[in-house]
Amino acid sequence: MIEGGAGSLAERVDAAARAVPGVAELYFARSLPRRLWPGGGDGTAYSVVTRRGEALEITVSIGVAGGRVARVADEVVTRVRAAVGTPDVHVTVRVSRITSS
């Protein structure tokens, strides 16, 4: 976990992901037990930002309506990297396809 500022960075990541056309929902990337455990979450942020040594890893979980799943996921990666300001950050995008019933 990133010390001091991980929450604000995760919130910037959330905003970047939400701004992508085609992203219908943003889901918590951290599991419920981890969010509920003291110190296990980044406030109200949906995305997870982790630093492992010198590497920065970000996980975003989105819901996409329609058939452009791969294109939307690629755009989320691009915008998250721009929001963080580090083009070599490792970004994982978990995608749930939203369909009408």
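The values are calculated or read from the model by the stated rules, or taken from the named source; none is laboratory data. These numbers come from a predicted model, not from an experiment. FYI the Cβ positions are ideal-geometry reconstructions off the backbone, even for glycines, and counts take in every protein chain you see.
Looking only at the range 58-101, how many residues end up being assigned to a strand (DSSP E or B) and of a type in the set (S, T, N, Q)?
The qualifying residues number 4.
Considering only residues of the range 62-87 that are more than 13 Å from V20 (Cα to Cα) and touching a Lys or Arg at 6+ places or on another chain (Cβ under 8 Å), which is surrounded by the most Cβ atoms within 10 Å (Cβ to Cβ)?
V84
Considering only the range 50-57, I want to know if a residue exists there that is among the aliphatic types (A, V, I, L, M), modelled with pLDDT of 85 or more, surrounded by 15 or more Cβ atoms within 10 Å (Cβ to Cβ) and assigned to a strand (DSSP E or B).
Looking through the range 50-57, at least one residue is among the aliphatic types (A, V, I, L, M), modelled with pLDDT of 85 or more, surrounded by 15 or more Cβ atoms within 10 Å (Cβ to Cβ) and assigned to a strand (DSSP E or B).
Applying the selection to the range 2-49, what residues are at pLDDT 90 or above and either of a type in the set (D, E, K, R) or surrounded by fewer than 12 Cβ atoms within 10 Å (Cβ to Cβ) (or both)?
Of everything in the range 2-49, those that are at pLDDT 90 or above and either of a type in the set (D, E, K, R) or surrounded by fewer than 12 Cβ atoms within 10 Å (Cβ to Cβ) (or both) turn out to be E11, R12, D14, R18, P21, E25.
Based on this model, can you work out whether A83 counts as in contact (Cβ under 8 Å) with a residue 60 or more places away in the chain and among the small types (G, A, S)?
Spelling it out, A83 is indeed in contact (Cβ under 8 Å) with a residue 60 or more places away in the chain and among the small types (G, A, S).
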